[in-house]
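This report concerns only the one structure given below.
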Amino acid sequence: MLLMAPAAPPCLDHPVWAALQNYHIGPDEAAFDFAARLARDNGWTADHAARVIAEYRRFVFLAVTGDDPATPSDAVDQAWHLHLTYSRDYWERFCPGVLGVPLHHGPTAGGAAEAARYFRQYADTLARYEAVFGIAPPADIWPDAARRLHRDPRARRVDPAAYFIVSRRRLWQGLALLVVVLLVWGGLR
C-alpha cells in the first residue's frame with residue numbers, strides 16, 4: 001500500500017498568501033517592533049505574540065479571499081487593532097500592496113441579532129480556516145464560538161500595575177491556609 005503525503009493547502013499558491021509571508025508589520029528599523037509591542041500590551045510571551053501574528057496573517061487571508069465576512073478570535077483581534085494603529089503601514093502599504101483591497105474593521109452594533117450573526121460568522125470562520133489551511137485552528141488562539149462570543153466578552157482587561165491579580169484557586173488556597181493558621185493559633189491559647 002502506497003501512502004501519499006497530504007496535499008499542500010491551495011492557499012500556498014495564492015499571491016496574497018505569498019505576499020503575507022514576506023510582509024513585516026511596521027518599520028524594519030524599529031527598536032521596539034510590532035511583535036514586542038503586541039506581547040507587552042497583552043502580557044504575552046514573545047513566542048505567543050509570534051504565534052498570534054502568524055494567526056493574524058491567516059485571518060486576513062481568509063478575510064480578503066472569502067465570499068463571506070471573517071470574524072477574528074480575540075487574540076487575533078488584538079493584533080488587528082494594534083496593526084490599525086500603525087495607520088500609514090496598514091492603509092498605505094499593507095492593504096494596497098499585500099492584500100490588494102482595503103480591509104476595514106467593523107465592530108458589532110450590539111443586540112441579539114448582531115450576537116447571533118457574529119456567532120455564526122465566527123463558527124464559519126473556524127470551519128473555513130480548517131478547509132483552507134488543512135488543519136484545525138490552534139484552540140489557545142482560536143477558542144470555539146461559545147467561548148469566544150459568550151464567555152470571553154465578560155472578561156475585562158486589567159492593568160497589572162494598578163491591581164493585584166490573584167487566581168480564584170490561589171485565593172481559596174490562601175483562605176484555607178489562613179483558616180488552618182487561625183485554628184492552630186486558637187488551639188495554642
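The values are calculated or read from the model by the stated rules, or taken from the named source; none is laboratory data. What you see is a predicted model; the values in this text were computed from it and never measured. So basically every Cβ, Gly included, is an ideal-geometry build from the backbone, and we count neighbours across all protein chains shown.
I'd like the residue in the range 41-61 that is at pLDDT below 95 and part of a helix (DSSP H, G or I) and, out of all such residues, is farthest from residue 88 (Cα to Cα).
Looking at the filtered set, the residue picked out is 42.
Would you pick out the residues in the range 62-85 that are part of a helix (DSSP H, G or I) and of a type in the set (A, V, I, L, M)? Walk me through it before giving the result.
From the range 62-85, those part of a helix (DSSP H, G or I) are 62-65, 74-85; that's our starting set.
Those that are part of a helix (DSSP H, G or I) and of a type in the set (A, V, I, L, M): 62, 63, 64, 75, 76, 79, 82, 84.
Does the range 50-72 contain at least one residue that is touching a Gly at 6+ places or on another chain (Cβ under 8 Å) and over 26 Å from residue 131 (Cα atoms)?
The answer is no, given that none of the residues of the range 50-72 is touching a Gly at 6+ places or on another chain (Cβ under 8 Å) and over 26 Å from residue 131 (Cα atoms).
Of all residues in the range 102-124, which are closer than 17 Å to residue 58 by Cβ and either without any contact (Cβ under 8 Å) to a residue 12 or more places away in the chain or not small (Gly, Ala, Ser) (or both)? Don't jump to the end; show me each part of the working.
Taking the range 102-124 first, the residues closer than 17 Å to residue 58 by Cβ are 103, 105, 121-124.
Passing the criteria: 103, 105, 121, 122, 124.
Residue by residue through the range 102-128, note down the ones that are under 23 Å from residue 20 (Cα atoms), under 20 Å from the mean Cα position of the chain (by Cα) and not in a helix (DSSP H, G or I).
The answer is 103, 104, 105, 106.
How do the pairs read when you match residues in the range 157-168 that are closer than 15 Å to residue 42 by Cα with residues anywhere that are at pLDDT below 70, using Cβ under 7 Å and keeping only pairs 6 or more apart or on different chains?
Listed pairs, sorted by first residue: 165/158.
Is at least one residue of the range 89-101 at pLDDT 95 or above, in a loop (DSSP other than H, G, I, E, B) and either exposed (fewer than 13 other Cβ atoms within 10 Å of the Cβ) or not hydrophobic (A, V, I, L, M, F, W, C) (or both)?
So far as the range 89-101 goes, yes, one or more of its residues are at pLDDT 95 or above, in a loop (DSSP other than H, G, I, E, B) and either exposed (fewer than 13 other Cβ atoms within 10 Å of the Cβ) or not hydrophobic (A, V, I, L, M, F, W, C) (or both).
Scan the range 37-52 for residues that are closer than 17 Å to residue 84 by Cα and among the acidic types (Asp, Glu) and jot them down.
The one that is closer than 17 Å to residue 84 by Cα and among the acidic types (Asp, Glu): 41.
What is the one condition in (1) out of contact with any Leu (no Cβ under 8 Å at 6 or more places or on another chain); (2) at pLDDT 90 or above that residue 107 does not satisfy?
That leaves (2) as the condition not met.
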